[in-house]
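Written out below as structure tokens is the structure these notes cover.
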Amino acid sequence: MKTVEEYVRFLESKGFQLKEDAIGFIYFGKHYTNAGDELVNAALELTLKIQKSFDGSFYMSLLEMLTTHGIKNRQEAIQFVKEKHLLAI
């Protein structure tokens with residue numbers, strides 16, 4: 001499992017550049033929801049897949065939904081967004 005910092009660097013290595021304010025918002029969401037790195041990374045990944053770019057309000061809403069529903073890992077997060085018809089994978 002990657003830390004949030006490692007996951008952001010991974011995204012950058014793939015050509016996806018997050019601005020400093022977006023990175024700050026990602027960490028704000030992590031602390032605000034008390035979510036673990038795996039869940040934050042999943043919320044970030046799903047936000048990018050669904051929105052096609054980083055959308056801070058979508059990311060925060062998704063992360064809050066995931067934590068509220070007791071989602072703990074990437075697989076559960078993917079299943080959750082499929083069930084909510086947010087993403088067809």
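Are there any pairs, at least 6 apart or on different chains, whose C-beta atoms fall under 6 Å, with the first in the range 13-29 and in contact (Cβ under 8 Å) with a residue 40 or more places away in the chain and the second surrounded by fewer than 12 Cβ atoms within 10 Å (Cβ to Cβ) and part of a helix (DSSP H, G or I), and if so, which? Pairs that qualify, where the first residue is in contact (Cβ under 8 Å) with a residue 40 or more places away in the chain and the partner is surrounded by fewer than 12 Cβ atoms within 10 Å (Cβ to Cβ) and part of a helix (DSSP H, G or I): there are none. Scanning the range 15-37 for residues that are farther than 16 Å from Glu64 by Cβ and among the charged types (D, E, K, R) turns up Lys19, Glu20, Asp21, Asp37.
Evaluated against (1) modelled with pLDDT under 95; (2) at negative phi, His85 falls short on exactly one condition, (2).
When we screen Ala35, Ala43, Ala22 for residues that are in a helix (DSSP H, G or I), of a type in the set (Gly, Ala, Ser) and touching a Leu at 6+ places or on another chain (Cβ under 8 Å), the only hit is Ala43.
The sole residue among Phe80, Phe10, Phe58 that is part of a helix (DSSP H, G or I) and either touching a residue at least 40 places away in the same chain (Cβ under 8 Å) or in contact with a His (Cβ under 8 Å, 6 or more places away or on another chain) (or both) is Phe80.
Of all the criteria given as (1) farther than 23 Å from His85 by Cα; (2) surrounded by 14 or more Cβ atoms within 10 Å (Cβ to Cβ); (3) of a type in the set (S, T, N, Q), the one not satisfied by Asn41 is (1).
The values are calculated or read from the model by the stated rules, or taken from the named source; none is laboratory data. In this text, all values refer to a predicted model and were calculated from it rather than measured experimentally. Here the Cβ is made from the backbone with ideal geometry for all residues, glycine too, and neighbour counts use every protein chain on show.
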